[in-house]
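Worksheet: the structure to be examined is printed underneath.
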């Protein structure tokens with residue numbers, strides 16, 4: 001990863017991935033690729049900058065899987081099964097810590113949805129859709145406390161992340177899960193060319209068992225319901241577009257994250273962007289040069305950017 005802030009202490013900078021080799025494959029069997037099978041794999045050497053201390057080393061990650069793609073007019077049903085295996089070869093480990101820890105676990109999911117549509121507009125020139133979707137995910141618990149954290153993090157929750165099979169990005173942590181995620185999307189489309197004018201999405205997850213896997217420093221949660229996520233995208237005008245998103249905490253009745261973007265693009269080489277971004281400020285503790293520091297993490301900001309030709 002590229003270091004942007006060179007004022008950070010070397011131990012606080014991100015790992016360098018030198019090298020990183022990723023190989024993926026996806027194949028289909030049967031009529032129209034009814035059965036999909038393939039794998040994702042990655043081999044990475046994580047290194048620290050000169051003068052830094054801490055764990056470094058290699059990580060190998062592989063995930064073969066198979067999926068049955070039952071898709072028809074107005075519906076889809078996709079049961080899937082995968083197996084994830086991750087192994088390490090570490091240097092600079094603490095005394096008593098393993099140099100070659102590993103983790104294996106199965107991942108099972110069932111993803112299904114429907115698409116309803118009807119004509120809209122006085123001349124039937126629009127189509128309005130209603131698209132409910134539901135996913136069940138089952139991942140058993142594995143103790144991962146002995147695994148290092150090279151690149152895993154908890155991403156912002158949004159309608160896409162809601163249906164991922166791992167709530168973390170990166171391969172160092174795979175969350176246990178016994179949960180159902182549900183979402184509802186509605187779109188307004190041009191009936192002739194399929195152009196999207198408006199799209200709105202809303203969703204939430206419900207977990208039957210509270211996840212036990214957490215990152216170092218991450219606060220465990222006891223809530224069985226995730227935050228609500230909602231997203232709205234508007235492209236109804238020729239040169240104008242806008243989108244907004246919110247992550248809402250129903251238990252405390254407050255927004256965790258809010259984004260609003262407005263764009264004016266009259267030509268391919270001219271654009272104006274205006275954005276508002278908010279993330280609720282929370283107290284966090286982080287080691288800075290070996291010392292625990294308390295600070296507030298979050299933001300509340302307005303951004304403006306532009307690119308305009310000078311002729």
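The values are calculated or read from the model by the stated rules, or taken from the named source; none is laboratory data. Everything quoted here is computed from the prediction, not taken from an experiment. A quick note on method: Cβ atoms are made from the backbone with ideal geometry, for glycine too, and the neighbour counts reach across all protein chains shown.
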Would you check if there is a residue in segment 119-126 being in contact with a helix residue (DSSP H, G or I) (Cβ under 6 Å, 6 or more places away or on another chain) and at negative phi? no
If the requirement is being closer than 25 Å to residue 204 by Cα and surrounded by 15 or more Cβ atoms within 10 Å (Cβ to Cβ), which of these qualifies: 126, 187? 187
Could you say whether any residue in segment 190-201 is under 30 Å from residue 170 (Cβ atoms) and either touching a residue at least 60 places away in the same chain (Cβ under 8 Å) or buried (at least 17 other Cβ atoms within 10 Å of the Cβ) (or both)? yes
The number of residues in segment 222-248 that are in contact with a helix residue (DSSP H, G or I) (Cβ under 8 Å, 6 or more places away or on another chain) and either in a strand (DSSP E or B) or at positive phi (or both) is 1
Using the structure shown, decide if residue 224 is touching a strand residue (DSSP E or B) at 6+ places or on another chain (Cβ under 9 Å), surrounded by 14 or more Cβ atoms within 10 Å (Cβ to Cβ) and modelled with pLDDT under 95. no
Suppose we keep only residues that are part of a strand (DSSP E or B) and loosely packed, with under 12 Cβ neighbours inside 10 Å within segment 249-280. Which one would you say is nearest to the chain's Cα centre (by Cα)? 254
In segment 133-153, residues that are more than 16 Å from residue 104 (Cβ to Cβ) and surrounded by 15 or more Cβ atoms within 10 Å (Cβ to Cβ) total 10
Among the residues listed as 133, 103, the single one being under 26 Å from residue 178 (Cα atoms), modelled with pLDDT of 95 or more and touching a helix residue (DSSP H, G or I) at 6+ places or on another chain (Cβ under 9 Å): 133
Considering only segment 68-87, I want to know if a residue exists there that is more than 28 Å from residue 201 (Cα to Cα), at pLDDT 95 or above and either surrounded by fewer than 14 Cβ atoms within 10 Å (Cβ to Cβ) or touching a helix residue (DSSP H, G or I) at 6+ places or on another chain (Cβ under 9 Å) (or both). no
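Okay, residues lined up against (1) at pLDDT 90 or above; (2) out of contact with any strand residue (DSSP E or B) (no Cβ under 8 Å at 6 or more places or on another chain):
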{"residue": "259", "(1), (2)": "yes, no"}
{"residue": "276", "(1), (2)": "yes, no"}
{"residue": "280", "(1), (2)": "no, no"}
{"residue": "291", "(1), (2)": "no, yes"}
{"residue": "301", "(1), (2)": "yes, no"}
What about residue 155, is it in contact with a helix residue (DSSP H, G or I) (Cβ under 7 Å, 6 or more places away or on another chain), assigned to a loop (DSSP other than H, G, I, E, B), modelled with pLDDT under 95 and closer than 30 Å to residue 83 by Cα? yes
Tell me the residue from 247, 296 that is at pLDDT below 90, within 20 Å of residue 153 (Cβ to Cβ) and touching a strand residue (DSSP E or B) at 6+ places or on another chain (Cβ under 7 Å), please. 296
